[in-house]
Amino acid sequence: MDTSRPITNIHPSSVVDRSATVGEGVQIGPYCIVGPNVVLGDNVRLMSHVVIDGHTSIGANTVIHPFASLGLAPQHLRYKGEPSRLIVGESNTIREHVTMHIGTEQGRMETRVGNHCFFMVGSHVAHDCVIEDHVILINSVALGGHVSIGEYAIVGGLSGVHQYVRIGKHAMIGGVTGVEKDVIPYALAMGNRARLNGLNIVGLRRRGFSREDIRSLRTAYGLLFSQGSTMAERLNEVAELFKDHAGVMDIINFIREDSTRPMCTPGTVNGNGSP
């Protein structure tokens, strides 16, 4: 017996289909259900009462807490059982009651989650979403279909994100926010209907951005959302001024990309005119 290889341990009360692919060192606790087209990477841990079905793969070292449900059919009236997929990367933490659904023909046939993400209690990732690395969804966040979220973005608790919305890298969405428009990278957005409220300065400092980088991002942000010219003119001006600054160009390229949603802009974020 090769004792150097991690041992897979499946609790006898769990049901794991014989056709499922289970890696080394996987731990499956009590009362879990794993379907026939599921792939569990090495050292994945299902704590208990977890359901994983559909064409779903879970990357190595991911921990899934009780009552999470991954890979079931999307909440989409036009879904007809097509063999779409859910792909979850490595080293993710998926807490209690999280739901993630497979994709649809109307989207990319795939819902994709990156690596090192943290999905807190009751958060939902709908069909055809793309979640990049190090994203955090706080408790009870609901993502509509086809949402994309860039790396290191954080969505505050009880927030809802409209279908097809894009949230850029390092953005921060305040709690109890309705996000119906695209949010540029590095921004802070909040309110009953999300409006930009400057940059995510605290997040940028925590991520190790230099004072010079933050100063450049602030200057570019001010120019982009100033008055007196069109957005196209301001984009060209900022792109020329900061053509060698990767962070600013992230924002420029994000705004220039095709999108079905309008762009979130600065303004008051609640009914009394306060920012």
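For the reader, a short list of remarks on this structure follows.
- The single residue among ILE149, ILE167, ILE214, ILE154 that is at negative phi, hydrophobic (A, V, I, L, M, F, W, C) and surrounded by fewer than 20 Cβ atoms within 10 Å (Cβ to Cβ) turns out to be ILE214.
- Condition check for GLY168: in contact with a Pro (Cβ under 6 Å, 6 or more places away or on another chain) and not charged (D, E, K, R): yes
- For region 98-114, the set of residues classified as polar (S, T, N, Q) and closer than 22 Å to MET47 by Cα consists of THR99 only.
- Annotation for region 31-54: at least one member residue is among the basic types (Lys, Arg) and buried (at least 17 other Cβ atoms within 10 Å of the Cβ).
- For region 175-194, a residue qualifies if it is surrounded by 15 or more Cβ atoms within 10 Å (Cβ to Cβ), touching a residue at least 24 places away in the same chain (Cβ under 8 Å) and not basic (Lys, Arg), and the qualifying residues are VAL179, GLU180, ASP182, VAL183, ILE184, PRO185, TYR186, ALA187, ALA189, MET190, GLY191, ALA194.
- Pairs with Cβ under 9 Å, 6+ apart, first in region 195-219 and in contact (Cβ under 8 Å) with a residue 24 or more places away in the chain and farther than 20 Å from GLU237 by Cβ, second in a helix (DSSP H, G or I) and acidic (Asp, Glu): LEU204/ASP213
- Residue, farthest from the chain's Cα centre (by Cα), within region 52-89, restricted to residues that are among the charged types (D, E, K, R) and assigned to a loop (DSSP other than H, G, I, E, B): LYS80
Every number here is computed from the coordinates shown, using simple stated rules; none is lab data. Small disclaimer: the values here were computed from a predicted structure and weren't measured. So basically every Cβ, Gly included, is an ideal-geometry build from the backbone, and we count neighbours across all protein chains shown.
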